[in-house]
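Take a look at the structure set out below.
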Amino acid sequence: MSAYIHRTPTSTGNRKTWTFSAWVKRTDMTDNRCLFSQCATSTFNSNTHFRLRFQTTHKIAVAMFSTDVLETSRRFRDVFGWYHIVLACDTTQATASNRMKLYVNGEQITEFSTASYPSQNHDTGINLSGSPFLLGADDSSVGSPSAFWLSNMSHVHLCDGYSYAASDFGETNSTDGMWKIKTSPSVSYGTNGFFLKGEDSSNLDLDSSGNGHTFTTTGTLTATKDNPSNNF
């Protein structure tokens, strides 16, 4: 079994408004590769299943109800650099396209081959009590994770109750114009939010958000000096 990090919330947070941010570097492109997922326990519940992943087509896709609701037109095939991926959700918004925003390296993606936004005030599967949150795997077959990430991931944030833009987690380098990481962003985490830096090789699933959530790692994670601030 491949490695992934997981936690089952004991309290329900804000299922309408939240932000996921992570820096990733693709080193395996052989299959669907999931950044995170959350699904109801016991039996698969399509109404609460949610995932974000890279497809075999190298497009980024968001799935709700077991169906891709957002899929980029653009393909992301760079294996040499880091991508900064931000997914901001706020289903309270009146305008459908504002309910879910996807950013890559600071740029909001607006061209999708599939675009079907959630209804206003929809409760997503994220931040649901008793529903396992998996970082680096998809749990659409409950208890049998699949689509393991198998690549690098660093500085992962989940902000429960807050919809942030990519600029809250990164910024443009004034010297070379490249998108760079904010290692200590000024963001809030709410009830189920977390911040996994991935920089402590002895404790890669340590939550640095201040919430002190306890995560479980299944399999063996491998620390690397390759990171968003020092690309190998």
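The values are calculated or read from the model by the stated rules, or taken from the named source; none is laboratory data. Keep in mind that what you see is a predicted model, and the values were worked out from it rather than measured. For neighbour counting, all protein chains shown are included, and Cβ atoms are generated from backbone atoms with ideal geometry for every residue, glycine included. We work out accessible area using only protein heavy atoms, side chains counted, and drop any ligands, DNA or RNA first. Shrake-Rupley method; radii C 1.70, N 1.55, O 1.52, S 1.80 Å.
Some points to look at:
- Under 5 Å between amide hydrogens, built in the peptide plane, is the criterion, and for M100 it picks out D90 among residues at least 5 positions away or on other chains.
- In the context of the full set of protein chains, residues of the stretch 169-232 present 60 Å² of accessible surface per residue (probe radius 1.4 Å, heavy atoms only).
- Placing T92, T48 in order of accessible area, with the largest value first and a 1.4 Å probe, yields T92, T48.
- Accessible surface of the stretch 1-123 [probe 1.4 Å, protein heavy atoms]: carbon and sulfur percent: 40 percent
- Computed over the chain: relative contact order in percent, which uses C-alpha pairs under 8 Å that are six or more apart: 29 percent
- With the charge dipole of the chain set up from +1 on Lys and Arg Cβ and -1 on Asp and Glu Cβ about the Cα centre, the Cα lying farthest toward the positive end among the listed residues S73, S37, W149 is that of S73.
- Check: the chain dipole with +1 on Lys, Arg Cβ and -1 on Asp, Glu Cβ, in debye: 200 debye
- Considering only A115, A94, A147, the Gaussian network model of the chain with Cα springs below 10 Å gives its largest mean-square fluctuation to A94.
- Within a Gaussian network of the chain (alpha carbon springs, distance under 10 Å), most fluctuating of N173, N14, N152: N173
- Across all directions, the shadow cast by the convex hull of the stretch 130-232 built on its C-alpha atoms averages 8.0 square nanometres.
- Solvent exposure of I60, expressed as accessible area, is near 0 Å², computed with a probe of 1.4 Å over the protein chains only.
- Order of exposure, largest accessible area first, which applies to M29, M64, M178 with probe 1.4 Å: M178, M29, M64
- For the stretch 70-155, the relative contact order comes to 25 percent (Cα pairs under 8 Å, sequence separation of at least 6).
- Put simply, the C-alpha atoms of the chain give a gyration tensor, and the ellipsoid matching it has half-axes of 23, 21, 18 Å, longest first.
- The residues of the stretch 1-112 expose on average 39 square angstrom of accessible surface per residue, using a 1.4 Å probe on protein heavy atoms.
- Distance from the stretch 105-125 to the stretch 15-34 (C-alpha centre basis), Å: 15 Å
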